[in-house]
Structure formats: C-alpha cells, structure tokens
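Enquirer: Input: one structure, supplied below.
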C-alpha cells in the first residue's frame, strides 16, 4: 500500500492566507498593498515571507509580524514562519493593486 503523503502547502495558499492580514491604518490587506514581495515554502513546511513596510520605523511592525505569522501558520502543512523585512526595492504606490488604489481613492 502506498504511503499517504502529508499535505504540502503552496505559495498560493500562503498568499491567500496573507490576504486576510489587514493593515489597520489603511484597511487594506498586505498583498493588495504590495507589501509582500515573495513567499517560499519548503518540503518541511518552513515558510519564509519576504516583505517591506510603507515606511521605516512603522509603529505597526510587531502587530503585522504577529498577524502574518498567525495567518501563515494557519495554512495546512506550514509548520513555522520566518519574516524577512527588506527595504530594497523600496515600496511605492505603484506596487499596490488596482483594488487597493480604488479603495484608497487613488486613481487607478
């Protein structure tokens, strides 16, 4: 009989979970804000999220890190989450989705 394979999470499933993490100041999720640069999940369920913030010294850094870790580890098969905060490339409103721009009243 074949051995049952444990569910392997995908980057898409993690991105879907990250869409539930809302920036409390802007009311838009981190994915649509363009703050998530990359998501990697290895075969052992270790996830690395590479992201930035709109500004250095953002007072919500700890809150967002906790919310990201909670969302990512809620994905079936993800065992832990490492967050890599980067400043290059710098974030700009050009990284935002059309949805986010419209929601914030910016011209899309």
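Enquirer: Quick one: divide the alpha-carbon radius of gyration of the stretch 1-103 by 2.2 N^0.38 Å and tell me what you get.
Expert: That works out to 1.14 for the stretch 1-103.
Enquirer: Quick one: which of 56-65, 70-79 comes out on top by average Cβ neighbours within 10 Å, and what's the full order, highest first?
Expert: The peptides rank, most packed first, as 70-79, 56-65.
Enquirer: Using Cα pairs closer than 8 Å and at least 6 residues apart in sequence, work out the relative contact order for the stretch 11-90, in percent.
Expert: Dividing the mean separation by the residue count of the stretch 11-90 yields 32 percent.
Enquirer: Shifting gears a bit: For the chain, take the longest principal axis of its alpha carbons; what is the angle in degrees between that and the long axis of helix 61-73, to the nearest 10 within 0 to 90?
Expert: Once rounded, one gets 30 degrees.
Enquirer: Based on DSSP H runs of at least 4 residues, each adding -39500 (n - 2.57), what is the mean residue ellipticity at 222 nm of the chain after dividing by all its residues, to the nearest 500 deg cm²/dmol?
Expert: Roughly -7000 deg cm²/dmol at 222 nm, from the helical runs in the chain.
Enquirer: Which FRET efficiency value, to the nearest 0.05, do you get for residue 106 and residue 15 by plugging their Cβ-Cβ distance into 1/(1 + (r/R0)^6) with R0 = 25 Å?
Expert: That gives a FRET efficiency of 0.65.
Throughout, read-outs are computed from the coordinates displayed, never taken from laboratory work. On a predicted model such as this, the values are computed, not experimentally measured, just so you know. Every residue, glycine among them, receives a Cβ derived from its backbone with ideal geometry; neighbour counts consider all protein chains shown.
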